[in-house]
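Step one of this worksheet: look at the structure below.
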Amino acid sequence: LFKFPKAKKAKKFAPFVIPVTTTQFGRVSAYIAMSHVVSSALGTAAMAAHQVVLSFFWCLAPIADSLSLTAQSIMPTISERTPSKERAAALKKTVRNFLKAGVLLSFSMVSAVLCVPFLVHLFTADQAVVLMVNSLVPILCLYFSTAGLFCAGEGMLLGQKDLSFVGRAYALFFVAVPACMLRVKQAALAGNPSMKLSSVWKVFCAYQYVRSATFVGRALLLQRRTEAEAEKL
């Protein structure tokens, strides 16, 4: 029922092990750090509000993730062609289309977030929790305003097998994001009244903007390199 693959077959997957592993750890570390800070330093009402917000978050996140998966399936069919001006033009058009789709998906998710104040009462009857959830709506709007672009950028990089860059980026996020979250925890435990649930989500939103700019910028840089190489042909 279970057996290890042959060494020859296993070697084919070796280049993907470290990038994929660091990517997954980098993604998960932010959510673990958020929940740790909220549960250990901000109180039960904040934890309850955090769980409600995460419920909305995980309902919307797969919408953007679908764009990343689509890019990962489409980009290889173009990027693996023989270098030519036609290939460069096709990649340019595809990159533009994915970025446009990212903007449209971001707009739709922001529109959905604006409905949270009307739906939050379905999740809790505690008025303090309701107020906390509603206070996070502007931050969620900012986060999802770039969610589509982020997933488009990440998917295009993975589709073009730029795994080392993605892996290094998430290795950095794996360290940086929890470190920032723990500073919020320290300030909250020290009695700083400005440290609230919104502080945690502001750090998470900043993280989203950094990785969105990083991945979209990298995708555009690769496209410029492709066009420059095609001009030499």
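The values are calculated or read from the model by the stated rules, or taken from the named source; none is laboratory data. Remember, predicted model here, so these are calculated numbers, not experimental data. Every residue, glycine among them, receives a Cβ derived from its backbone with ideal geometry; neighbour counts consider all protein chains shown. Side chains included, ligands, DNA and RNA excluded: accessible areas come from the protein's heavy atoms. Shrake-Rupley method; radii C 1.70, N 1.55, O 1.52, S 1.80 Å.
In this structure, residue 122 and residue 194 have a Cβ-Cβ separation that, at R0 = 45 Å, corresponds to a calculated FRET efficiency of about 0.90. Candidates 101, 26, 208 compared by Cα position along the dipole of the chain: farthest toward the positive end lies 26, with charges placed on Cβ.
For segment 59-167, GluC sites (Glu not before Pro) meeting the loop criterion (DSSP other than H, G, I, E, B) and having at most 12 other Cβ atoms within 10 Å: 80.
Would you list the membrane-span-like helices of the chain, meaning whole DSSP H runs whose alpha-carbon atoms span at least 24 Å along their axis and whose mean Kyte-Doolittle value is at least -1.0? Walk me through the intermediate numbers first.
Numbers: long enough: 7-41 (50 Å, 0.40); 44-79 (50 Å, 1.05); 85-113 (42 Å, 0.46); 163-189 (39 Å, 1.30); 197-231 (51 Å, 0.06).
For the chain, where a helix must reach 24 Å along its axis and average at least -1.0, the hits are 7-41, 44-79, 85-113, 163-189, 197-231.
Each of the trypsin sites (Lys or Arg not before Pro) that DSSP puts in a loop and that has at most 12 other Cβ atoms within 10 Å breaks the chain; the longest unbroken stretch is 7-231. In this Cβ point-charge picture (+1 for Lys and Arg, -1 for Asp and Glu), the chain has a dipole of about 1040 debye about its Cα centre.
Run the Debye formula on the Cα coordinates of segment 1-154, all scatterers equal and no solvent, and tell me log10 I(q)/I(0) at q = 0.09, 0.11, 0.13, 0.18 1/Å. So the normalised log intensities work out to -0.46, -0.63, -0.80, -1.11.
Here the accessible area of segment 68-164 is 67 percent carbon and sulfur, with a 1.4 angstrom probe and all protein chains present.
Basic side chains Lys and Arg get +1 at the Cβ, acidic Asp and Glu get -1 at the Cβ, and with that the dipole of segment 142-233 about its Cα centre reaches some 360 debye. On a per residue basis, segment 51-164 carries 48 Å² of accessible surface, using protein heavy atoms and a 1.4 Å probe. Label point of residue 135 set 7 angstrom out along Cα-Cβ; within segment 172-192, amide nitrogens under 14 Å from it belong to 188, 192. Going 7 Å from the Cα of residue 66 along its beta-carbon direction, which residues of segment 106-121 have the amide nitrogen within less than 13 Å of the resulting point? Of the residues in segment 106-121, 106, 108-109 have backbone N under 13 Å from the label point off residue 66.
Express the carbon and sulfur contribution to the solvent-accessible surface of segment 7-51 as a percent, rounded to the nearest whole number, probe 1.4 angstrom. Carbon-and-sulfur percentage of accessible area, whole number: 73. Remark: for residue pairs 8/161; 12/161; 85/161; 12/93, the C-alpha separation exceeds 23 Å in 12/93.
In segment 1-148, taking the dipole from charged Cβ atoms about the Cα centre, the farthest positive-side position among 116, 147, 129 is held by 147. Taking other residues whose beta carbon is less than 13 angstrom from the beta carbon of residue 76, and scoring Lys, Arg as +1 and Asp, Glu as -1, yields +1.
Each of residue 172 and residue 58 was given a label point 7 Å from its Cα along the Cα-to-Cβ line. The distance between the two points is 3.0 nm.
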